[in-house]
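All remarks here apply to the structure that follows.
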Amino acid sequence: ARMVGVMFDLPTLQAQGASVDPTGTLVTWNASADPRLALLGPGEGGELNFAVQTKKNFPVRTSSDRNFVASATASIETPIVPPELAVGRLLEERTLETKFTTKFTLRTLGYFSEPSAGITNSGPMPPRAGQPTTVTIHWRIVNTSNDASDVRVRGVLGPNVRWTGQVLTKFGPAPQVNDRTGEITWQVGSVPAGTGVLGPAAETVFQLELTPAITDVGTTPVL
């Protein structure tokens, strides 16, 4: 069995009774390790097993590191062939291929003292009942190994929270708010592989205004 692909975590390989080549990618069984391989009669069969983990993180270092695939090709052969077959050897081969989906994450951050230029917040902090306080929300998308398309991010405003219209978008169109439902939608579109890994994350920043009610005293209001 030969393993091909950078996603194999080769130090975790377990292959009892087999020999492993110096690269750790080729596992071999023969009759000295498993007596069943000395002679296979008509209709006989069996199993040989090995196990190996895949890496927990994608090894993305350049723009070509994408669309990761791990494949294992198993082959069985013998040079001792019945004469009536008129061949020098018998060889059978099968390949199992596993494709990896991307690791796609959305991170949400909130600030009162906003680190980005262009948006300034105001009001009491901590917020006080009946007084407006503005905060800024950051949505950041990280996409590791596969291009993503038709990406949309949605959120719903909490009670006593108002959309101010102050937006600073660093990727794609600006998010829009539905005044009737309080739903915010960011139509991001395409997010290439490596976004947030090889370069900046796909990010948008928008300002919200919270005016807590008397019933919010002593609670943590949902933005």
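The values are calculated or read from the model by the stated rules, or taken from the named source; none is laboratory data. All values derive from a computational prediction rather than experimental measurement. No Cβ is skipped: glycine too gets one built from the backbone with ideal geometry, and neighbour counts run over all protein chains shown. In case anyone asks, the SASA skips ligands and DNA or RNA and just uses the protein heavy atoms, side chains included. Shrake-Rupley method; radii C 1.70, N 1.55, O 1.52, S 1.80 Å.
Some observations on this one:
- Reported count of residues in the range 164-195, each being in contact with a Lys or Arg (Cβ under 8 Å, 6 or more places away or on another chain), open to solvent by 50 Å² or more (accessible area, probe 1.4 Å) and under 30 Å from residue 68 (Cβ atoms), is 1.
- Selection within the range 17-31 - in a loop (DSSP other than H, G, I, E, B) and either touching a residue at least 24 places away in the same chain (Cβ under 8 Å) or over 17 Å from residue 53 (Cα atoms) (or both): 17, 18, 21, 22, 29, 30, 31
- Of the residues making up the range 151-192, those that are part of a loop (DSSP other than H, G, I, E, B), touching a strand residue (DSSP E or B) at 6+ places or on another chain (Cβ under 6 Å) and small (Gly, Ala, Ser) number 3.
- The residue that is farthest from the chain's Cα centre (by Cα), among those in the range 94-104 that are polar (S, T, N, Q) and part of a strand (DSSP E or B), is 95.
- Restricting attention to the range 48-85, the residues being acidic (Asp, Glu), under 32 Å from the mean Cα position of the chain (by Cα) and over 15 Å from residue 5 (Cα atoms) number 0.
- Residue match in the range 150-163 (condition: in contact with a Phe, Trp or Tyr (Cβ under 6 Å, 6 or more places away or on another chain), buried (at least 17 other Cβ atoms within 10 Å of the Cβ) and within 30 Å of residue 65 (Cβ to Cβ)): yes
Table: residues versus (1) loosely packed, with under 11 Cβ neighbours inside 10 Å; (2) assigned to a loop (DSSP other than H, G, I, E, B).
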site: 44; (1), (2): yes, yes
site: 53; (1), (2): no, no
site: 62; (1), (2): yes, yes
site: 70; (1), (2): no, no
site: 81; (1), (2): no, yes
site: 92; (1), (2): yes, no
site: 106; (1), (2): no, no
site: 115; (1), (2): yes, yes
site: 129; (1), (2): no, yes
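- Residue list for the range 131-148, restricted to those being touching an Asp or Glu at 6+ places or on another chain (Cβ under 6 Å), among the β-branched types (Val, Ile, Thr) and either closer than 28 Å to residue 193 by Cα or open to solvent by 40 Å² or more (accessible area, probe 1.4 Å) (or both): 136
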